[in-house]
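The values are calculated or read from the model by the stated rules, or taken from the named source; none is laboratory data. The shown structure was predicted, so the numbers you read here are calculated from the model rather than taken from an experiment. Cβ placement follows ideal geometry from the backbone for every residue including glycine, while neighbour counts extend to all protein chains displayed.
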Amino acid sequence: MSGFKNFTNLIITLGLLTGISFGSYQLCNWYGCNGWFALMRADLICNACTDAYYHLKNYQISIYGSMFTLISYQMTTFINKASAPSDKYIFEDYKLVKKSPRSLN
(Lines give C-alpha, C1' and ligand atoms only; values in the text may rest on other atoms or scores of the structure.)
Protein backbone atom coordinates (compact mmCIF):
# COMPACT_ATOMS: atom_id res chain seq x y z
CA MET A 1 0.00 0.00 0.00
CA SER A 2 1.31 3.45 -0.84
CA GLY A 3 1.98 6.13 1.73
CA PHE A 4 -0.78 8.37 0.37
CA LYS A 5 -3.32 5.54 0.68
CA ASN A 6 -2.24 4.89 4.27
CA PHE A 7 -2.49 8.59 5.08
CA THR A 8 -5.95 8.79 3.48
CA ASN A 9 -7.15 5.77 5.45
CA LEU A 10 -5.85 7.31 8.68
CA ILE A 11 -7.59 10.61 7.94
CA ILE A 12 -10.89 8.84 7.23
CA THR A 13 -10.56 6.77 10.40
CA LEU A 14 -9.69 9.85 12.44
CA GLY A 15 -12.70 11.70 11.03
CA LEU A 16 -14.98 8.77 11.83
CA LEU A 17 -13.70 8.50 15.39
CA THR A 18 -14.00 12.26 15.86
CA GLY A 19 -17.59 12.14 14.61
CA ILE A 20 -18.45 9.26 16.93
CA SER A 21 -16.74 11.03 19.82
CA PHE A 22 -18.62 14.27 19.19
CA GLY A 23 -21.92 12.40 18.75
CA SER A 24 -21.49 10.47 21.99
CA TYR A 25 -20.52 13.67 23.81
CA GLN A 26 -23.65 15.42 22.57
CA LEU A 27 -25.84 12.42 23.44
CA CYS A 28 -24.41 12.18 26.94
CA ASN A 29 -24.85 15.90 27.53
CA TRP A 30 -28.42 15.70 26.22
CA TYR A 31 -29.14 12.81 28.59
CA GLY A 32 -27.68 14.77 31.50
CA CYS A 33 -24.54 12.85 32.34
CA ASN A 34 -22.73 15.95 33.58
CA GLY A 35 -24.43 15.97 36.99
CA TRP A 36 -23.82 14.37 40.38
CA PHE A 37 -25.41 11.03 39.47
CA ALA A 38 -22.83 10.52 36.74
CA LEU A 39 -20.05 11.38 39.15
CA MET A 40 -21.26 8.80 41.68
CA ARG A 41 -21.76 6.15 38.92
CA ALA A 42 -25.44 5.71 39.76
CA ASP A 43 -26.74 5.66 36.18
CA LEU A 44 -25.98 2.87 33.70
CA ILE A 45 -26.22 5.09 30.63
CA CYS A 46 -23.79 7.58 32.16
CA ASN A 47 -21.45 4.69 32.98
CA ALA A 48 -21.61 3.68 29.31
CA CYS A 49 -20.83 7.28 28.33
CA THR A 50 -17.79 7.31 30.61
CA ASP A 51 -16.57 4.02 29.14
CA ALA A 52 -17.16 5.27 25.59
CA TYR A 53 -15.16 8.43 26.34
CA TYR A 54 -12.29 6.34 27.69
CA HIS A 55 -12.12 3.91 24.74
CA LEU A 56 -12.53 6.62 22.10
CA LYS A 57 -9.73 8.61 23.74
CA ASN A 58 -7.41 5.58 23.57
CA TYR A 59 -8.22 4.95 19.90
CA GLN A 60 -7.70 8.59 19.02
CA ILE A 61 -4.31 8.65 20.74
CA SER A 62 -3.21 5.56 18.78
CA ILE A 63 -4.46 7.14 15.53
CA TYR A 64 -2.52 10.34 16.29
CA GLY A 65 0.59 8.24 16.94
CA SER A 66 0.09 6.35 13.69
CA MET A 67 -0.33 9.56 11.72
CA PHE A 68 2.82 11.08 13.23
CA THR A 69 4.79 7.89 12.51
CA LEU A 70 3.56 7.71 8.91
CA ILE A 71 4.27 11.37 8.20
CA SER A 72 7.75 11.24 9.75
CA TYR A 73 8.57 8.02 7.82
CA GLN A 74 7.40 9.53 4.51
CA MET A 75 9.36 12.73 5.11
CA THR A 76 12.50 10.77 6.02
CA THR A 77 12.15 8.65 2.89
CA PHE A 78 11.62 11.75 0.75
CA ILE A 79 14.67 13.50 2.22
CA ASN A 80 16.84 10.41 1.78
CA LYS A 81 15.80 10.11 -1.89
CA ALA A 82 16.44 13.81 -2.50
CA SER A 83 19.88 13.75 -0.91
CA ALA A 84 21.06 10.52 -2.55
CA PRO A 85 23.96 11.06 -4.96
CA SER A 86 23.21 10.58 -8.64
CA ASP A 87 25.32 10.20 -11.77
CA LYS A 88 22.69 11.82 -13.99
CA TYR A 89 22.24 15.46 -14.76
CA ILE A 90 18.85 17.05 -14.33
CA PHE A 91 18.05 17.21 -18.05
CA GLU A 92 19.98 14.14 -19.18
CA ASP A 93 16.85 12.41 -20.49
CA TYR A 94 15.67 15.59 -22.25
CA LYS A 95 15.00 14.97 -25.95
CA LEU A 96 16.56 17.57 -28.18
CA VAL A 97 14.53 19.11 -30.99
CA LYS A 98 15.20 21.99 -33.42
CA LYS A 99 14.29 24.72 -30.89
CA SER A 100 16.12 23.18 -27.91
CA PRO A 101 18.14 25.49 -25.69
CA ARG A 102 21.32 23.49 -26.26
CA SER A 103 22.78 22.34 -29.55
CA LEU A 104 22.47 18.90 -31.09
CA ASN A 105 25.60 16.75 -31.25
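What's the total number of residues in the stretch 18-51 that are modelled with pLDDT of 80 or more and on the phi < 0 side of the Ramachandran plot? Step through it out loud before you land on a result.
Within the stretch 18-51, the first condition is being modelled with pLDDT of 80 or more, and the residues that meet it are 18-33, 44-51.
Then keep just the ones that are on the phi < 0 side of the Ramachandran plot; that gives 18-31, 33, 44-51.
Adding up the residues that qualify gives 23.
Considering only residues that are among the small types (G, A, S) and touching a helix residue (DSSP H, G or I) at 6+ places or on another chain (Cβ under 8 Å), look in the stretch 52-67 and name the one that is modelled with the lowest pLDDT.
Within the stretch 52-67, the first condition is being among the small types (G, A, S), and the residues that meet it are 52, 62, 65-66.
Then keep just the ones that are touching a helix residue (DSSP H, G or I) at 6+ places or on another chain (Cβ under 8 Å); that gives 52, 66.
Details: A52: 83, S66: 79.
For the stretch 52-67, the residue satisfying everything is S66.
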